[in-house]
Number of protein chains: 2
Amino acid sequence: VEPGARAVSIIDQTQLPHRFEVARLSSLTEAAQAIAQMRVRGAPLIGVTAVYGLWLQLLEDASNSALNLARQRLVETRPTAINLRRCVDDAVSVLEPLAPEDRACRALELAHALAEHEISLSQRIGKHGAEVLRGLWKPRRGARLNILTHCNAGWLATVDHGTALAPIYELHAQGVPVHVYVDETRPRSQGYLTAWELGQEGVPHTLIADNAGGHLMQRGQVQACIVGTDRTTSQGDVCNKIGTYLKALAAKDNGVPFYVAVPESSIDWSIANGLRGIPIEERSATEVHDVSGRDEQGQVRKVRVTPEGSAAANPAFDVTPARLISLLITERGACPASAQGLLSLYPERG
Amino acid sequence: VEPGARAVSIIDQTQLPHRFEVARLSSLTEAAQAIAQMRVRGAPLIGVTAVYGLWLQLLEDASNSALNLARQRLVETRPTAINLRRCVDDAVSVLEPLAPEDRACRALELAHALAEHEISLSQRIGKHGAEVLRGLWKPRRGARLNILTHCNAGWLATVDHGTALAPIYELHAQGVPVHVYVDETRPRSQGYLTAWELGQEGVPHTLIADNAGGHLMQRGQVQACIVGTDRTTSQGDVCNKIGTYLKALAAKDNGVPFYVAVPESSIDWSIANGLRGIPIEERSATEVHDVSGRDEQGQVRKVRVTPEGSAAANPAFDVTPARLISLLITERGACPASAQGLLSLYPERG
């Protein structure tokens, strides 16, 4: 947000990695659409964007009904990530008691504070995660540490630093030779965002098809997996981008540690069993059918890759049960993926 | 092969599912390139194509040195599938003792016989596999049977019928309501070939990203998995298209039967442990970087999907250990994936 502007600027992630474009959101509708279309994506970032969306609405109309309608529209954009609902609900509960004329200004403060908060969570996850990964690197006597990640939980997905990528950036900054295997993450291919981010930061990396990770783990070519989470349950189940579960199974089968970077904002203390309790977003089949890329002239083009007449299904998330997770890495430190583990770090939830 | 022609016709699978094109191979070089570039693919089909390639060479030059050079060129095109090497070696051992002038004619006979043999293996696998799947369908009281498959092991990959798809075609012909979840199978996306084939045969199916299968199994939406194999070991390990292992892990974790359709031609009796013994083909990174599809005008275009400057790795196969496989379905019937299981069907190998 530029001072005095009635708009918030975003990196349009649907244009990456082909084009770097900054877009301006200047209304609730634009903010809600940006979230639904995944122009902004990543659990922490959509929570923050949603509160900026509330602010944009309140600039226009700060009545109770406008506030509640805005709340509902924002929450409905993406059902799986908990941040979105929580950030919006928390903001509304602060704003509702205020006089309408005070609401917009307060909403902007809340959005800024939330952005700062997410940055600070990311930084602390980076520090704790780097410590855990350093422990894996030490016995390697200087050989590079190979880490596999799925989807994008970097600075594009948060506000800065990232969750799953924050420890990797921290290690890289410390001079540890780290190399990242980046899952493509079909159908939306957020792995290209991760590869682009890692390239910007100078971190060595290799893109692989989502199918390849199990094979690499069987061959001892991966020392750790680390991913983000869209919703973490009180017993440590993790709901993350579709395909995460398959990598966790392969990690378990090959004795590779599987870590999840968990900002407190992703924990849903009201749900224990992730398979039973978390709604899984089903997105449009066109995300499976259509692929965008650069043609020989460098122009971005969309092509249809699937056969005419074949249907496609597109569940966007899956649940990785706690039993497959080695450690949750939170802003308060690392803990086992269990109710007890989480309560040891968040005793106030006991 | 048309009577009198000095060429063999193939369906060019690199053009599917966008265009159906028949190409003519009229020399050893064309045959070897078609195999290496995956214009023909699928373990049974490349074995047959290679023997036709030998014939094409012998039409030109039937000397010992030409025969052995042809053998070597063909075997080097694809290292993982055992059929290719075995078919070529078997043919050479029949042809070598013959007078050079008799070799070409005999090679053509061998190629025809091999094609017939593969068709007969496929038919029998279809019959035995359908019986196994019917057993899963019976308790469903009429509800459709959902089967997940990875890659393409249909009639495109064999000579007719297919291996993994043969039982599905057989069930469909018997009137059992079957529905197939088709893994996209990045990076070469052979799932589009499977979807196209199933569409041609009128079999209901849904394409999914490779990431989605575990989630569907967690939700009870898949009653069985069935895949093909490029090489099967004497203890029942299976080397198949990259990503097969991940689906087998998910099947095991969710109690979903995981079947492999195994023509005898895929069994390598000389290797027990698949992880130690089978060479895994590493293919070009461009297969990860570039994607082909139809633009809005229906023109087929290739686009670059990955970020500039990011490397990619492309292992083409992985090994699924026997412990994850419920049954091997061979042309002689079904058996447990174990040395004992295989020997019960192939006692002559004991």
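For the pair segment A:314-350 / segment A:142-196, the C-alpha centres are spaced 20 Å from each other. Placing +1 on each Lys and Arg Cβ and -1 on each Asp and Glu Cβ, with no other charges, gives the protein assembly as shown a dipole about its Cα centre of roughly 1180 debye. Computed over chain A with a Gaussian network model linking Cα atoms closer than 10 Å, the most mobile of A:ALA248, A:ALA99, A:ALA209 is A:ALA99. The simple Förster model, with R0 at 41 Å and r as the Cβ-Cβ distance, assigns A:ALA99 and A:GLN37 a FRET efficiency of 0.75.
What is segment A:114-226 by shape, rounded, prolate or oblate, if you read a ≥ b ≥ c off the alpha carbon gyration tensor as root eigenvalues and call it rounded for a/c under 1.5, prolate for a/b larger than b/c, and oblate otherwise? Here segment A:114-226 falls in the oblate category. Taking the square roots of 5 times each eigenvalue of the Cα gyration tensor of segment A:222-329, largest first, gives ellipsoid semi-axes of 31, 18, 13 Å. Ranking A:VAL319, A:TYR346, A:PRO336 by Cα position along the charge dipole of segment A:301-350, where only Lys, Arg, Asp and Glu carry charges on their C-beta atoms, puts A:VAL319 farthest toward the positive end. Within segment B:275-346, the proportion of Cα pairs with more than 17 Å between them is 66 percent.
Dividing the alpha-carbon radius of gyration of the protein assembly as shown by the rule-of-thumb value 2.2 N^0.38 Å gives 1.03.
Computed on protein heavy atoms with a 1.4 Å probe, what is the summed buried accessible area for the chain pair B and A, in Å² to the nearest 100?
Values: alone 15110 and 15100 Å², together 25310 Å².
Approximately 4900 Å², summed over both chains.
Positive-end ranking of A:VAL182, A:GLY142, A:GLN57 along the dipole of segment A:48-188, with charges on Cβ about the Cα centre, is headed by A:GLY142.
Shape class of segment B:195-252 from the alpha-carbon gyration tensor: oblate, with a/c at 1.5 or above and b/c at least as large as a/b. Between the helical axis of B:64-75 and the longest alpha-carbon principal axis of chain B there is an angle of about 20 degrees.
Just checking the listed ones, B:ALA251, B:ALA261, B:ALA113: in the Gaussian network model of chain B with Cα springs under 10 Å, the one fluctuating most is B:ALA113. Helix A:82-95 and the long axis of chain A differ in direction by around 30°, with both axes built from C-alpha atoms. The relative contact order of segment B:40-184, computed from alpha carbon pairs under 8 Å that lie at least 6 residues apart in sequence, is 27 percent.
Sorted from shortest to longest, the distances between the B:GLU281 label points of this copy and the other copies are 3.8 nm, with each point 7 Å from Cα along the line through the beta carbon.
Ignore the peptide's own chain and count Cβ atoms of other chains within 10 Å of each Cβ in B:313-325; give me the average, rounded.
Other-chain Cβ atoms within 10 Å of each residue's Cβ, averaged: 4.
Here B:LYS138 is the anchor, and the lysines within straight C-alpha reach of less than 20 Å, apart from those fewer than 8 places off in the same chain, are B:LYS127. Per residue, chain A exposes 36 Å² of solvent-accessible protein surface, assessed with a 1.4 angstrom probe and all protein chains in place. To the nearest Å, what is the center-to-center distance of segment B:12-71 and segment A:98-130, using C-alpha atoms only? Computed from Cα coordinates, the inter-centre distance equals 63 Å. Each Lys and Arg contributes +1 and each Asp and Glu -1, all at the Cβ; summed about the Cα centre of chain A, the dipole is approximately 1100 debye. For the segment A:280-292, counting C-beta atoms of other chains within 10 Å of every residue's C-beta and taking the mean gives 2. When DSSP beta bridges are limited to those with both residues in chain B, what percentage is antiparallel, rounded to the nearest 5? The antiparallel fraction comes to roughly 50 percent. Think of each Lys and Arg Cβ as +1 and each Asp and Glu Cβ as -1; about the Cα centre, that makes the dipole of segment B:103-173 roughly 400 debye.
Peptides B:73-79, A:138-144 ranked from most to least packed by the mean count of surrounding Cβ atoms within 10 Å: B:73-79, A:138-144.
Take peptides A:326-337, B:38-49 and line them up by average Cβ neighbours within 10 Å, highest first, as a rough protection proxy.
In decreasing order of mean packing, A:326-337, B:38-49 become B:38-49, A:326-337.
Expressed in units of 2.2 N^0.38 Å, where N is the residue count, the Cα radius of gyration of chain A is 0.98. Per-residue ellipticity at 222 nm, computed for chain A from helices alone with -39500 (n - 2.57) per DSSP H run of at least four residues, works out to -12500 deg cm²/dmol.
Taken over the C-alpha atoms, segment B:118-173 has Rg and Dmax values of 11.4, 35 angstrom.
Among A:GLY220, A:PRO257, A:ILE271, pick out the residue whose Cα is farthest towards the positive end of the charge dipole of segment A:204-309, where Lys and Arg carry +1 and Asp and Glu carry -1 on C-beta, about the Cα centre. Of the listed residues, the answer is A:GLY220.
Both radii come from the Cα set of segment A:17-125: Rg as radius of gyration, Rh as Kirkwood radius; their ratio Rg/Rh reads 0.97. Across peptide A:184-191, the average count of Cβ atoms from other chains found within 10 Å of a residue's Cβ is 5. Roughly how many percent of the accessible protein surface of the protein assembly as shown is carbon and sulfur, given a 1.4 Å probe and a whole-percent answer? Carbon-and-sulfur percentage of accessible area, whole number: 48. Please state the shape class of segment A:172-214: rounded when a/c is under 1.5, otherwise prolate if a/b exceeds b/c and oblate if not, all from the C-alpha gyration tensor. Note, shape of segment A:172-214 comes out oblate.
The values are calculated or read from the model by the stated rules, or taken from the named source; none is laboratory data. Note that the structure is a prediction, hence the values are computed from the model and not measured. Glycine gets a Cβ as well: all are built from the backbone with ideal geometry, and neighbour counts include every protein chain shown. All accessible areas refer to the heavy atoms of the entire protein, side chains included, with ligands and DNA or RNA removed. Shrake-Rupley method; radii C 1.70, N 1.55, O 1.52, S 1.80 Å.
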